[in-house]
Amino acid sequence: MNDAFRFALEGTDEEPVLVLKGNLDQSADPAALDLLRSVVEALPAGAWTIDATGVAFADSTAIRVLIDLGRLIDPASQLRVVARPTLTRLIDLVCMPGRFTLEADAIAV
């Protein structure tokens, strides 16, 4: 079963929370990923949280998207990523060092 990638913008204007869900892999709809990038680019600097605890499966597409988001979000912004431990480890290994504050969410699988 394919759990299609989707996202939502929650939180407040001062502290937006970008919620990512589903499979963030090569099957993700390119139009959805482009829309995600456009939404992020249009929002102001601030204290951002990317909640990736709902990402069921991630491959190199997820890393590429997070790197893109890290570049699009104003460099003055504080950027926190909350994800499953396996994804936080992957982000820590291959994403921009020091750009993200990582928080592993212990989720029973």
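Any read-out appearing in this document is the output of simple, stated calculations on the displayed coordinates, not a laboratory observation. Not measured: the values here are computed from a predicted model. FYI the Cβ positions are ideal-geometry reconstructions off the backbone, even for glycines, and counts take in every protein chain you see.
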key: Structure-derived volume of the Cα convex hull per residue in Å³ - corresponding label in [x] 221; [y] 152; [z] 91   = [z]
remark   = Extend 7 Å from the Cα of residue 42 along its Cα-to-C-beta direction; within the range 8-25, residues with backbone N under 17 Å of that point are 8-14, 16-19
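Sequence gap at least 6, Cα distance under 8 Å: using those rules, report the relative contact order of the range 6-104 to the nearest whole percent.
Details: 159 pairs, mean separation 26.9, N = 99.
So the answer I get is 27 percent.
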message = Within the range 34-58, name every residue whose backbone N is under 19 Å away from a label modeled 7 Å from Cα of residue 13 along the Cβ vector.
response = 39-49
